[in-house]
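Shown next, in structure tokens, is the structure this report addresses.
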Amino acid sequence: MTLLAAPLQRYFTDYAHTQRDLSPNTIASYRDTWRQLIKHTIRTRDIAAHRIDLAVIDTDLVTSFLDQLTTARHNSVATRNARLTAIRAVLAQALPDHPEHADTITRVLAIPSRRRPAPTVQFLTIGETEALLAAPDTSTWTGRRDQALLALAVQTGLRISELITLTRNDIHTATGAHVVCLGKGRRHRATPLTATTLTIMEPYLTERATRPGDALFPRPDGAHLSRDALEHRLAKHLNTAAATCPSLQNKHVTMHTLRHTAAMQLLQAGVDVSVIALWLGHQHTSSTDVYLHADMTIKQAAIDRTRPPHIPAGTYTPPPDILTWLDSL
């Protein structure tokens, strides 16, 4: 009998930090997965948490856990697969030390990830972006902070995890203005700032210096904003912006949508995909190819370049008198 607590403690106190040097976000995600799995085990197997054995973590238990994520919690396929990855990571590390549980563990490791359709990239148009940036009430401190935050997010394409950890020392407004962040995979990158973004950021930074804390976009007490706080502020301003830009009502917009918007603006400006990948902090350019599929203007331009000389460019529209046109066929 091997209690689950020992392999879990070894993974999270030694392996994840010392040997793998996993990021805090990854460790937190894995921790939350195992907390949910243990609670699921208590409910379905009627076993106290401190008595759960490795042998209990079998395919039936893990499969039922994954199923309830999608049915009861309405998690996406991506979240379901991420939870499965977290379970595999701990069990794979425990396997060499516990060959007596090899059969049970290898069966769990063989549970396949679920295939999912490629997501459709949602992004804001120029008009929608302008409406969103105009939505915060700049007569208040929080409104000026939110406008600066949104302007920086939509121009740089920083991830929400990167935005919430920025400090005042990470932004540089002198010659070669840029913002520095620690991105995914612990990779540092510097992203240039445009003149338009600087016109919003510079007055904000001057005012920010008079307030407590080191966070670039703080709460009233000076501490960093949370993920939920950023999404809440974005939702508030989207409601305001939708009054002047009705197309926003039909879009599901999150902070990650602003990252997609930054990428699409670069692509539509003619920036090469490899440069966009560097801009966004993608390790491989294949991660950026999704924007090529989302941009209909690029596809239309490709069609126009391959059209016969006598065919006018653009999308086909039938003649106004459709009956006459049909008779002429």
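Exactly one residue out of R219, R227, R233 is among the charged types (D, E, K, R) and without any contact (Cβ under 8 Å) to a residue 60 or more places away in the chain, and it is R219. Screening G185 against (1) part of a loop (DSSP other than H, G, I, E, B); (2) over 20 Å from L258 (Cα atoms) leaves a single unmet condition, (1).
Counting only residues that are of a type in the set (K, R), give me the helices (runs of 4 or more DSSP H) lying completely in segment 210-287 with at least 2 of them. Spell out how you get there, then give the answer.
Working: elements: 227-242, 255-268, 273-280.
Of the helices (runs of 4 or more DSSP H) lying wholly inside segment 210-287, those with at least 2 residues that are of a type in the set (K, R) span 227-242.
When you check Y11 against the structure, is it out of contact with any strand residue (DSSP E or B) (no Cβ under 9 Å at 6 or more places or on another chain) and either outside the structural domain of A92 (by TED's automatic domain parsing) or within 22 Å of P99 (Cβ to Cβ) (or both), yes or no?
Numbers: out of contact with any strand residue (DSSP E or B) (no Cβ under 9 Å at 6 or more places or on another chain): yes; either outside the structural domain of A92 (by TED's automatic domain parsing) or within 22 Å of P99 (Cβ to Cβ) (or both): yes.
Judged against the criteria, Y11 is a match.
When you check R10 against the structure, is it touching a residue at least 60 places away in the same chain (Cβ under 8 Å) and assigned to a helix (DSSP H, G or I), yes or no? Yes. Check whether at least one residue in segment 250-258 is within 24 Å of Q122 (Cα to Cα), free of Cβ contacts under 8 Å to residues at least 60 places away in the same chain and out of contact with any helix residue (DSSP H, G or I) (no Cβ under 9 Å at 6 or more places or on another chain), and report yes or no. Scanning segment 250-258 turns up at least one residue that is within 24 Å of Q122 (Cα to Cα), free of Cβ contacts under 8 Å to residues at least 60 places away in the same chain and out of contact with any helix residue (DSSP H, G or I) (no Cβ under 9 Å at 6 or more places or on another chain). The numbered conditions (1) modelled with pLDDT of 95 or more; (2) outside the structural domain of P192 (by TED's automatic domain parsing) are all true for L238 except (2). Starting from residues that are surrounded by 12 or more Cβ atoms within 10 Å (Cβ to Cβ), at pLDDT 85 or above and of a type in the set (S, T, N, Q), keep the ones in segment 10-48 and report whichever is nearest to L84 (Cα to Cα). Checked segment 10-48; the qualifying residue nearest to L84 (Cα to Cα) is T33. Checking A263, A269 one by one, the residue that is aliphatic (A, V, I, L, M), at pLDDT below 95 and more than 20 Å from the chain's Cα centre (by Cα) is A269 and no other.
Would you pick out the residues in segment 182-197 that are surrounded by 15 or more Cβ atoms within 10 Å (Cβ to Cβ), out of contact with any Ser or Thr (no Cβ under 6 Å at 6 or more places or on another chain) and touching a residue at least 24 places away in the same chain (Cβ under 8 Å)? Let's see the steps before the verdict.
Of the residues in segment 182-197, the ones surrounded by 15 or more Cβ atoms within 10 Å (Cβ to Cβ) are 182-184, 189, 191, 193, 197.
Narrowing further to those that are out of contact with any Ser or Thr (no Cβ under 6 Å at 6 or more places or on another chain): 182-184, 189, 193, 197.
Those that are surrounded by 15 or more Cβ atoms within 10 Å (Cβ to Cβ), out of contact with any Ser or Thr (no Cβ under 6 Å at 6 or more places or on another chain) and touching a residue at least 24 places away in the same chain (Cβ under 8 Å): G183, K184, R189, L193, T197.
The values are calculated or read from the model by the stated rules, or taken from the named source; none is laboratory data. The shown structure was predicted, so the numbers you read here are calculated from the model rather than taken from an experiment. So basically every Cβ, Gly included, is an ideal-geometry build from the backbone, and we count neighbours across all protein chains shown.
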